[in-house]
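Trainee: To start, I am sharing the structure in question, which I have written as structure tokens.
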There are 2 protein chains.
Amino acid sequence: MPKVDPKRTVAELQELRRLTADEEGAWRVAWTDTWLESRRWLRDKLDALDLETHLDAAGNLWATMRGASDRELLIGGHMDSVPGGGWLDGCLNTLAGVEILRRLHDEYGGRPPVTVRLVDWADEEGARFGRSLLGSSACGGTLVPDEERNRIDKDGIRLEDALRRCGVELDRAGESHAELANAAAYLELHIEQGPVLLDLDLPLGVVLGTFGVERHRLEFRGQAAHSGSTPMDRRRDAFLAAARMSPEIYAITGRHGGVSTIGSCVTRPGIVTSVIAECDVTLDQRHLEANALSTLLREAKEASERFAEEGGVSVAWQELWRIEPFAFHPDLIELADEAVLEAVGVSHRLPSGPLHDAAEMARAGIPSVMLFVQSLHGISHNKIEDTKIEHIEASVVALDALTRKAMAWVAAGSARP
Amino acid sequence: MPKVDPKRTVAELQELRRLTADEEGAWRVAWTDTWLESRRWLRDKLDALDLETHLDAAGNLWATMRGASDRELLIGGHMDSVPGGGWLDGCLNTLAGVEILRRLHDEYGGRPPVTVRLVDWADEEGARFGRSLLGSSACGGTLVPDEERNRIDKDGIRLEDALRRCGVELDRAGESHAELANAAAYLELHIEQGPVLLDLDLPLGVVLGTFGVERHRLEFRGQAAHSGSTPMDRRRDAFLAAARMSPEIYAITGRHGGVSTIGSCVTRPGIVTSVIAECDVTLDQRHLEANALSTLLREAKEASERFAEEGGVSVAWQELWRIEPFAFHPDLIELADEAVLEAVGVSHRLPSGPLHDAAEMARAGIPSVMLFVQSLHGISHNKIEDTKIEHIEASVVALDALTRKAMAWVAAGSARP
């Protein structure tokens, strides 16, 4: 039985690195020449398999291996990187998909039981214009052109113009949604970008879904007062209220799961001889379960108000951003677990903190799942991003095993949205 | 028996305000023309009493009423203000002293039992060059010219040049110390600049001494990590350690007295999607007792190290400034209490958070004490600084009563350093 050759995937990742990275990291930023070059390189590999390939209305690159059934199994990745990015983020997904298409080509002579498509999403990172998941959200149906139109990059170039240069009309990007007409399942492999598998000393994990996010700014308002002449019991210390809330935020998160982060603290007047009158902190809360995320937020609000009141200060919440959680499909999670067990003998289920294109597919109602492979240092979006070669190879084998199982699942008509 | 006329003091304060303040506040910043003008105005009033007046080597203005005894009772104040300052800070002290000299002149025909001197200290505020208590520290013997020489104001003018323009050679300022040769006691009246008397609804208080100060920057160092992909138990959150320490700083201060203030908090990288890697806070601790101040500092250090260790982060302390506490003289505190009781029927003892020229006198071994008069709003160094007229008047009466008692105490040779 034909098998994938994961060493070839490693070699191709190294080749891509030589082509599109330097000692400061990878430069495949979406809508730039280096990104276009990486896609031509990818397309050459797909053409060798005699696949139908085209760019959709959002600039996503699709390669289709037509099967006996029109029902489609999608495998996704993204060639784009952040500036000075790592050598694996996004392109591992894509090149593992290429290797699986090669195996399917060998095994079925180019006509597998169900249709299999590889999609290279456009602009997953949002590194240039600050809008991540651009291509997959257009395809999924959640991109609103008017909300993105006026974005500019650091050189003042408009997003709309940068897309047009690459053959994409922002106002028509939503037409990409037609690509999903027959989609029955979506698979994605990705480096973890966090330390969970590293800490557990596990090569691979199955992703349960992507966290929902609640992002807010909390504005505590007390009163400035001289540090020497103001007795402690007379103070309305904005920082103290924020400080007292912070361990409680950790405790709340410990009770309900998920993660909560106070990312910045700004104090005013901010001089050594004055009680702090104004203290602004940002809070980012994430959870896989919508109800639990609501609980995290509600209890954090209650804590902020309790400590504010106790300290004689006020607190106001300003919403910065929010997105709901997207759970992956339970059947596919089971199949992914089996695939990982077969590949490396041990599996682990974990949520994804960062968003991924798979979240847009799950959001669009396509049964989806992801595999994570361990990240060394738990770090990505950086030139030091790395994964052990044997783990990369195991991840290709696991994604291939998952593809077999998912194809059978799709063929059996088991897709339950 | 001749009495002071406190309404005259109020009228003179109002006159001074007309001369040296506008709707933005008072502009008697030391070493400026407006300050020199205010001193000429003061000197005219002293000359009317036929007193010996001169500037000493540090620019302090002395007016001496020679008495039967060479032993001297000093009454101090300062005509200088911060830019846009209040109408009472410093000049109330001076003008109350002038009124008392008038009473002594009437009562003793200009030759009281002990020598009485009014001193108008130069540059108490340090508003222009950032060096407060300049004149009194030169007189007390703690000014080190080389430490001050390179100070410049916001226009780039050197402190040394600004002083020279007013007839003061920085290197000879210490010769002012000779003025204290016969000093037996020092009295100073001042607005409280805090809310203690206001809260207690008391017009006047007796100051026990000036707080010692420990001023430090605490540098917590953890590790940046992605807010979505980093589990809570994997974090080394520099802000969390600082936050957990902060209520403990309040608790420590509650146990030992004094005041402690976290005046600023700076976080890095300070973005909503990252755990805080670096958190710097400033801490200002003050106490009237040197041992208790040491305890505040030691327990704060222990708390910072405990919370840092618990959070897997480091903490380093950088000293910014420190000064020891200066206690006022117990006999003079008793006499001041009696004077306040006579003036308004109720007294209260309190420490001074801000430093005052009296601290330099106490530090130089001159038995000293201060009276505080209530500040409306608890605020000074601001155009809204204010005190009820009847409280200003009572403060002049109380300082006069204290002068009587202190003169008797000096005459009796009771000065115990």
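The values are calculated or read from the model by the stated rules, or taken from the named source; none is laboratory data. Since this is a predicted model, take the numbers as computed values, not measurements. Backbone-built Cβ (ideal geometry, glycine too); neighbour counts: all protein chains shown. For the accessible areas, the whole protein counts, side chains as well, though only heavy atoms, and no ligand, DNA or RNA atoms are used. Shrake-Rupley method; radii C 1.70, N 1.55, O 1.52, S 1.80 Å.
Trainee: When the stretch B:309-322 is examined, which residues are found to be of a type outside the set (Gly, Ala, Ser), over 32 Å from the mean Cα position of the chain (by Cα) and over 18 Å from B:PRO247 (Cα atoms)?
Mentor: If the condition is that a residue be of a type outside the set (Gly, Ala, Ser), over 32 Å from the mean Cα position of the chain (by Cα) and over 18 Å from B:PRO247 (Cα atoms), then B:VAL313 is the only one that fits.
Trainee: Assuming B:HIS381 fulfils every condition listed in (1) in contact (Cβ under 8 Å) with a residue 24 or more places away in the chain; (2) over 22 Å from the mean Cα position of the chain (by Cα) apart from one, which condition is it?
Mentor: (2)
Residues are listed down the side, and each one gets a yes or a no for (1) among the hydroxyl-bearing types (Ser, Thr, Tyr); (2) in a helix (DSSP H, G or I); (3) in contact with a Gly (Cβ under 6 Å, 6 or more places away or on another chain):
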site	(1), (2), (3)
A:GLY312	no, no, no
A:ALA316	no, no, no
A:TRP321	no, no, no
A:LEU332	no, yes, no
A:LEU335	no, yes, no
A:GLU338	no, yes, no
A:LEU350	no, no, yes
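Trainee: Name every residue in the stretch B:144-160 that is surrounded by fewer than 18 Cβ atoms within 10 Å (Cβ to Cβ), among the hydrophobic types (A, V, I, L, M, F, W, C) and in contact with a strand residue (DSSP E or B) (Cβ under 9 Å, 6 or more places away or on another chain), in order of residue number.
Mentor: B:ILE152
Trainee: For the structure I just gave you, tell me whether B:GLY141 is open to solvent by 10 Å² or more (accessible area, probe 1.4 Å), in the same structural domain as B:ALA406 (by TED's automatic domain parsing) and either on the phi > 0 side of the Ramachandran plot or under 16 Å from the mean Cα position of the chain (by Cα) (or both).
Mentor: yes
Trainee: When you go through A:LEU350, A:LEU288, A:LEU297 one by one, which is the residue that is assigned by TED's automatic domain parsing to the domain that holds A:GLY205 and of a type in the set (A, V, I, L, M)?
Mentor: None of the other options fit; the residue is A:LEU350.
Trainee: Could you list, in sequence order, all residues of the stretch A:161-206 that are assigned to a helix (DSSP H, G or I), within 14 Å of chain B (Cβ to nearest Cβ) and open to solvent by 10 Å² or more (accessible area, probe 1.4 Å)?
Mentor: A:VAL196, A:LEU198, A:ASP199, A:LEU200
Trainee: Now for a separate question. Tell me which residues, restricted to the stretch A:128-160, are part of a helix (DSSP H, G or I) and either out of contact with any Ser or Thr (no Cβ under 8 Å at 6 or more places or on another chain) or without any contact (Cβ under 8 Å) to a residue 60 or more places away in the chain (or both).
Mentor: Passing the criteria: A:LEU134, A:SER136, A:SER137, A:GLY140, A:PRO145, A:ASP146, A:GLU147, A:GLU148, A:LEU159, A:GLU160.
Trainee: Which of the strands (runs of 3 or more DSSP E) contained wholly in the stretch A:207-287 include at least 3 residues that are within 9 Å of chain B (Cβ to nearest Cβ) and buried (at least 22 other Cβ atoms within 10 Å of the Cβ)?
Mentor: Once the strands (runs of 3 or more DSSP E) in the stretch A:207-287 are filtered for at least 3 residues that are within 9 Å of chain B (Cβ to nearest Cβ) and buried (at least 22 other Cβ atoms within 10 Å of the Cβ), what remains is A:259-268, A:278-287.
Trainee: Would you mind stating whether B:VAL340 is aliphatic (A, V, I, L, M) and either surrounded by 20 or more Cβ atoms within 10 Å (Cβ to Cβ) or within 14 Å of the chain's Cα centre (by Cα) (or both)?
Mentor: The answer is yes for B:VAL340.
Trainee: Go through the stretch B:363-391 and report how many residues are surrounded by 24 or more Cβ atoms within 10 Å (Cβ to Cβ) and either part of a helix (DSSP H, G or I) or within 14 Å of chain A (Cβ to nearest Cβ) (or both).
Mentor: 6
Trainee: Hey, another quick one. Out of everything in the stretch B:288-308 that is hydroxyl-bearing (Ser, Thr, Tyr) and either facing another protein chain (nearest Cβ under 9 Å) or open to solvent by 10 Å² or more (accessible area, probe 1.4 Å) (or both), what residue ends up being farthest from the chain's Cα centre (by Cα)?
Mentor: Here the residue is B:THR295.
Trainee: Scan B:ARG39, B:ARG103 and give me the residue that is under 30 Å from B:ASP161 (Cα atoms) and either acidic (Asp, Glu) or in a helix (DSSP H, G or I) (or both).
Mentor: Going through B:ARG39, B:ARG103 in turn, just one is under 30 Å from B:ASP161 (Cα atoms) and either acidic (Asp, Glu) or in a helix (DSSP H, G or I) (or both): B:ARG39.
Trainee: Exactly one condition in (1) at pLDDT below 95; (2) touching a His at 6+ places or on another chain (Cβ under 7 Å); (3) among the small types (Gly, Ala, Ser) is not met by A:SER380; state its number.
Mentor: Condition not satisfied by A:SER380: (2).
Trainee: Among the residues of the stretch A:66-86, is there at least one that is more than 16 Å from A:THR403 (Cα to Cα), at pLDDT below 95, touching a Phe, Trp or Tyr at 6+ places or on another chain (Cβ under 8 Å) and open to solvent by 30 Å² or more (accessible area, probe 1.4 Å)?
Mentor: Within the stretch A:66-86, one or more residues are more than 16 Å from A:THR403 (Cα to Cα), at pLDDT below 95, touching a Phe, Trp or Tyr at 6+ places or on another chain (Cβ under 8 Å) and open to solvent by 30 Å² or more (accessible area, probe 1.4 Å).
Trainee: B:SER132 versus (1) polar (S, T, N, Q); (2) modelled with pLDDT under 95; (3) open to solvent by less than 10 Å² (accessible area, probe 1.4 Å): which is the lone unmet condition?
Mentor: With (1) polar (S, T, N, Q); (2) modelled with pLDDT under 95; (3) open to solvent by less than 10 Å² (accessible area, probe 1.4 Å) applied to B:SER132, the lone miss is (3).
Trainee: Quick one: is A:ARG165 more than 20 Å from A:HIS78 (Cβ to Cβ) and basic (Lys, Arg)?
Mentor: Criteria not met by A:ARG165.
Trainee: Here are the criteria: (1) surrounded by fewer than 21 Cβ atoms within 10 Å (Cβ to Cβ); (2) assigned to a helix (DSSP H, G or I); (3) touching a strand residue (DSSP E or B) at 6+ places or on another chain (Cβ under 9 Å); (4) not acidic (Asp, Glu). Tell me which single one A:MET407 does not satisfy.
Mentor: (1)
Trainee: Quick one: is A:ARG8 among the basic types (Lys, Arg) and over 16 Å from A:GLU393 (Cα atoms)?
Mentor: No, not satisfied.
Trainee: Quick one: B:ALA364 ticks every box in (1) within 27 Å of B:VAL10 (Cβ to Cβ); (2) touching a residue at least 60 places away in the same chain (Cβ under 8 Å) except a single one, so which number is it?
Mentor: Going through the list (1) within 27 Å of B:VAL10 (Cβ to Cβ); (2) touching a residue at least 60 places away in the same chain (Cβ under 8 Å), B:ALA364 breaks only (1).
Trainee: Of all residues in the stretch A:28-65, count the ones that are surrounded by fewer than 18 Cβ atoms within 10 Å (Cβ to Cβ) and on the phi > 0 side of the Ramachandran plot.
Mentor: 1
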